[in-house]
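Worksheet: the structure to be examined is printed underneath.
The values are calculated or read from the model by the stated rules, or taken from the named source; none is laboratory data. Just so it is clear, the structure is predicted and the values come from calculations on it, not from any experiment. All Cβ positions, glycine included, derive from the backbone under ideal geometry; neighbour counts span all protein chains shown. Please note that ligands, DNA and RNA were not included when accessible areas were found on the heavy atoms of the full protein model with its side chains. Shrake-Rupley method; radii C 1.70, N 1.55, O 1.52, S 1.80 Å.
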Amino acid sequence: MQTQPKASHFINGEYVEDTNGTPIEVIYPATGEVIATVYAATPEIVDKAITAARDAQAGWAAMTGTERGRILRRAADIMRERNHDLSILETYDTGKPYQETSVADATSGADALEYFGGLAASLTGEHIQLGEDWVYTRREPLGVCVGIGAWNYPTQIACWKGAPALACGNSIIFKPSETTPLCALKVAEILVEAGLPAGLYNVVQGMGEVGASLVTDPRVDKVSLTGSVPTGRKVYAAAAEGIKHVTMELGGKSPMIVFEDADIENAISGAILGNFYSSGQICSNGTRVFVHRDIKEAFLKRLAERLENAVIGDPMDPNTSFGPMVSKRQMEIALGYVEKGKAEGARLVYGGATIDREGFYMQPTVFADVTDDMSIAREEIFGPVMSVLDFETEEEVMARANATEFGLAAGVFTKDLSRAHRVAAGFEAGTCYINTYNDAPVEAPFGGMKNSGVGRENSKAAIDHYSQLKTVYVRMGDMEAPF
Ligand code: NDP
């Protein structure tokens, strides 16, 4: 497959190059080979993208929702038809196994385009009768949106931000992570092929400073970031300067609670999916697995047996179920936490080492006897490192589960119906799971509480974050005035 894109950026409906920008080498995580080079956006490129987005937006907003939606739905169809090629490219960009990318990336992006394409025609304001007078509200777009992505789901993030933005009549400029610059360009290409007018979906490459220059530009109205909490703080503060709308999808250290009455096989499936899918590089992962003391050893024993079934290897092989990490740097961060876990007294029960092959592979890793104060229980690792903690009572485990700065997700495994809902209600987290983990359908709101974020992506809730209401008061009779 041709991995080198035609050019680095996609602006005003076409590929654009400017080799004066800093070169960014794209590395295939499974081998460490350079598979493409793109150039970070220069100030001229950033300006060109913002100008194109500004110029195109009003015409797009003037179209009916049905017309806008039809284009998004056509793009969804094209993405599904090209799922195989898009999945291979996603695997090159991220290293995630084809077994995952073929069902979770372009497909999820297509779902977002289809869902918001379907909603576009039904976006309305309301009518409020006030005696003879009345008020009506208009749901209007925000203008130019900026999307800034993390590297773990480059196609999905490009669509999760682009689809609601476009459905509401905005234009968007998307900056992918410098680690995974390839996939968003394909999303832009497909949207144009589906009939999206030029200038409405633009992609510019670059590091954090390119993101920062987009966020601070006065012509930008909204910023949606998927990234870490420290970056979120910076971007939120910069957006606040210009009183811009924001969506912040940030990191997590989510709890997963396994009660003594849980179906152990299901709970282990949840713990495996919620810690090792995408080599653990998922924001909502349930990395603090609280297992009731009575079943802890049985849980650990069976978990270790199940981990033996992981097929670690070439991510392009459809049988591979566990691939490399996205970069050497990210692998070193995760390995650093393994050392911290050992040094702080946790019991390493599985994995913990690199795998002897080219690329950035480390083993799925499990620590037991983890306590709340250890670094591996407090800090987001963003790698395949599971911490198992034990507990005795529901009250105790709820207090401990919530004792974190994060609040992205949380899960509970139990057969007790009342307890399941009581625990879900008690979690301080934006997305909670009962007897499952990490499902993220486009129909459901997704986002964090506490430091894990602001706003919601997906579902009808996202519409509120990509549009604004205008109130129009209509007086039917004469006006009264004091003099
Ligand atoms: P980073 O926070 O490092 O980067 C996120 C994006 O922000 C990148 O495109 C980055 O550019 C850009 N950026 C960095 N600094 C600035 C700045 N000052 N102004 C504007 N943009 C900037 O996150 P990672 O890419 O390392 O992704 C991992 C993080 O993302 C984890 O914390 C994870 O939990 C979180 N995440 C959250 C999700 C959610 O939905 N809640 C989903 C997926 C991940 P560059 O990297 O190119 O320099």
Between Asp369 and Lys6, what is 0.36 nm times their sequence separation minus the Cα-Cα distance? Round to one decimal in nm. 125.6 nm
Modelled label reach - Arg357, point 7 Å along Cα→Cβ, segment 88-106 residues with backbone N closer than 18 Å: 88, 91-102
Quick one: net charge of Glu249's neighbours, Cβ under 11 Å, K/R +1, D/E -1? +1
What nm distance separates the two modelled labels at Tyr350 and Arg302, each placed 7 Å from Cα along Cα→Cβ? 1.2
DSSP-defined beta bridges in the chain - what % are antiparallel, rounded to 5: 45
Karplus-derived 3J(HN,Hα) from phi for segment 433-446 (6.51 cos²θ - 1.76 cosθ + 1.60, θ = phi - 60°), whole Hz, x at Gly and Pro, runs 10, 10, 6, 6, 7, 6, 5, 9, x, 5, 6, 9, x, 9
Of every hundred units of 1.4 Å-probe accessible area on the chain, the number belonging to carbon and sulfur atoms, as a percent, is 51
Pull out the extension gain between Tyr136 and Ala198, defined as 0.36 nm times the separation in residues minus the alpha carbon to alpha carbon distance; nm, one decimal. 19.1 nm
Added length on full extension, which subtracts the Cα-Cα distance from 0.36 nm per residue, Ser269 to Ala461: 66.2 nm
In whole Å, what are the extents of segment 1-131 along the principal axes defined by its C-alpha atoms, from largest to smallest? 70, 39, 23
Can you pick out the pairs among Lys234/Lys470; Lys6/Lys161; Lys186/Lys340; Lys96/Lys234 whose Cα atoms lie more than 32 Å from each other? Lys186/Lys340
Once phi for every residue in segment 415-425 is put through the Karplus expression 6.51 cos²θ - 1.76 cosθ + 1.60 (θ = phi - 60°), the whole-Hz ³J(HN,Hα) values, with Gly and Pro written as x, are 9, 8, 4, 5, 4, 4, 6, 5, 5, 4, 5
GluC sites (Glu not before Pro) lying in DSSP loop within segment 421-467, provided at most 15 other Cβ fall within 10 Å: Glu443
Quick check on packing: order 372-378, 144-150, 47-53, 300-306 by the mean number of other C-beta atoms within 10 Å, highest mean leading. 144-150, 47-53, 372-378, 300-306
How many angstrom separate the Cα center of segment 250-310 from the Cα center of segment 64-86? 36
Short to long, in 20 Å steps from zero, the percent of alpha-carbon pairs of the chain per bin is 24, 53, 20, 2, 0
Give the long-range amide H neighbours of Leu408: residues separated by 5 or more places, or on another chain, with amide H under 5 Å away, using H modelled in the peptide plane at 1.01 Å from N. Lys253, Gly430, Met449
Those aspartates and glutamates that a straight Cα-Cα span of less than 12 Å connects to Lys301, excepting residues fewer than 8 apart in one chain: Glu265
Where segment 424-483 is the region considered: accessible area per residue in Å², 1.4 Å probe: 58
Over the chain, calculate the relative contact order: mean separation of alpha carbon pairs under 8 Å at least 6 apart, over the residue count, as a percent. 18
